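The values are calculated or read from the model by the stated rules, or taken from the named source; none is laboratory data. In this text the structure is predicted, and so the values were computed from the model without any measurement. Here the Cβ positions follow ideal geometry from the backbone for every residue, glycine too, while neighbour counts run over all protein chains shown.
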Protein chains: 2
Amino acid sequence: MLPFAPLDSAAWSERLRETGLKSTSGRVAALEHLSTHPHTTANEIHTALTKELPALTLQSVHNIVQDLTAHGIIRRIDPLGPGGARYETRTDDNHHHLQCVRCGRIEDIDCAVGAAPCLTPHSTHGMRILQADVTFRGVCGECDKRPQP
Amino acid sequence: MLPFAPLDSAAWSERLRETGLKSTSGRVAALEHLSTHPHTTANEIHTALTKELPALTLQSVHNIVQDLTAHGIIRRIDPLGPGGARYETRTDDNHHHLQCVRCGRIEDIDCAVGAAPCLTPHSTHGMRILQADVTFRGVCGECDKRPQP
DNA sequence: ATCTTATTTTGAATGAATCAAAATTGCTGG
DNA sequence: CCAGCAATTTTGATTCATTCAAAATAAGAT
Ligand SMILES: [Mn+2]
Ligand SMILES: [Mn+2]
Ligand SMILES: [Zn+2]
Ligand SMILES: [Zn+2]
């Protein structure tokens, strides 16, 4: 089985139930969308799902991503800039992100270590270190061609 | 001269003028407060400065930190959790942060390299890398003693 | 099929940040 | 020192993502 291969709706349903959550159309659709469109906002999920689930509320999408994040099924990231939090199904591999400072585009960066914490600070200030969040910032090819505003 | 020694108000005034900004009481007071109280929010700055500058508006503090950030005199960080953005006068040394996941406390972590980017990603996705933001997460001594909620 | 409880919906509120126009202040050059 | 301009602050309002709470609904167990 390929790592991070998108699951079908039946597999997501099962995943929800074994986590102790009910399998609902909104949750399954959100998970399917997230697994094929990583780094999506609650708003974007809602817009995308409106076609197949016209009754699904933005508020519900917020509930869904919050619940799924709390149960470790998805992961929340908080990029700089506008648009709010983003979510992804790729969890537990401690991967990092690379964000374009011009257009905000986000790419995945594999972690050389693969488990948290993949870096250790010089001094810990008496804290027990759990993980190291790394976000690379740069300028993507597209934006580098384009003249600066 | 010690690194990051807090400047007095005259020195901050000069710093503002050589950057091409006007020296105002609000800006100088904000800089003095930030240099002695790093990682402070706009709200916290406003509350602290209300004693000596009762006329200073929260809106003005927002303008101030935005202008100073844009001119590189202070640096903005966006920690997870509630409270909004935080600011600090310690710029240009590429230092990192360590945040307690329970209480939100933030500590500075010196960068072994000292200049950006201090890490290089495995693959760059065609992006020109400018910097690597590293935030360590952990549990501080205080919170580790306390029983979990 | 019914019941229980989790989930979604509905409706409202929060908090941080930003926008725009008017009032004020810092600075410059006379 | 003073006038005048432009930068800054104030005033007042608005945006946006997110959260809260109560009522309605739907999933899954018996
Ligand atoms: Mn990712
Ligand atoms: Mn710092
Ligand atoms: Zn870009
Ligand atoms: Zn703590």
| task | Quickly run through segment A:35-52 and pick out the residues that are more than 18 Å from A:T24 (Cα to Cα) and part of a loop (DSSP other than H, G, I, E, B). | result | A:H37, A:P38, A:H39
| request: Only one of these is away from chain A (no Cβ under 14 Å), under 27 Å from B:R137 (Cβ atoms) and within 11 Å of DNA strand C (Cβ to nearest atom): B:V61, B:V65, B:V28. Name it. | output: B:V65
| said: Based on this model, can you work out whether A:T41 counts as in contact with a Gly (Cβ under 7 Å, 6 or more places away or on another chain), within 26 Å of A:Q99 (Cβ to Cβ) and surrounded by fewer than 18 Cβ atoms within 10 Å (Cβ to Cβ)? | reply: yes
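Restricting to segment A:6-20, and then to whatever is among the aliphatic types (A, V, I, L, M) and more than 12 Å from DNA strand C (Cβ to nearest atom), can you tell me which residue is nearest to the other protein chains (Cβ to nearest Cβ)?
Going through the qualifying residues, I end up with A:L7.
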| message | Condition check: farther than 19 Å from B:T135 by Cα, over 12 Å from the mean Cα position of the chain (by Cα) and without any contact (Cβ under 8 Å) to a residue 24 or more places away in the chain. Does A:A29 satisfy that? | response | no
| message | Among the residues of segment B:12-22, what is the count of those that are surrounded by 15 or more Cβ atoms within 10 Å (Cβ to Cβ) and more than 17 Å from B:T69 (Cβ to Cβ)? | response | 1
| In segment B:33-44, which residues are in contact (Cβ under 8 Å) with a residue 24 or more places away in the chain and within 12 Å of B:T89 (Cβ to Cβ)? | B:L34, B:S35, B:T36, B:P38, B:H39, B:T40
| task | Could you tell me whether any residue of segment B:75-95 is of a type in the set (D, E), within 13 Å of DNA strand D (Cβ to nearest atom) and either over 11 Å from the mean Cα position of the chain (by Cα) or more than 14 Å from chain A (Cβ to nearest Cβ) (or both)? | result | no
| query | When segment A:23-37 is examined, which residues are found to be acidic (D, E) and loosely packed, with under 15 Cβ neighbours inside 10 Å? | reply | none
| query | How about segment B:97-114: which of its residues are of a type in the set (V, I, T), more than 7 Å from chain A (Cβ to nearest Cβ) and closer than 18 Å to B:C143 by Cα? | reply | B:I106
| message | Here are the criteria: (1) part of a loop (DSSP other than H, G, I, E, B); (2) within 9 Å of DNA strand C (Cβ to nearest atom); (3) in contact with a helix residue (DSSP H, G or I) (Cβ under 7 Å, 6 or more places away or on another chain). Tell me which single one B:A55 does not satisfy. | response | (3)
| Which one of these is away from ligand 2 (no atom under 16 Å from the Cβ) and at pLDDT below 95: A:C100, A:C118? | A:C118
| query | (1) in contact with a strand residue (DSSP E or B) (Cβ under 8 Å, 6 or more places away or on another chain); (2) exposed (fewer than 15 other Cβ atoms within 10 Å of the Cβ); (3) polar (S, T, N, Q): which one isn't true of B:N63, the others all being true? | reply | (1)
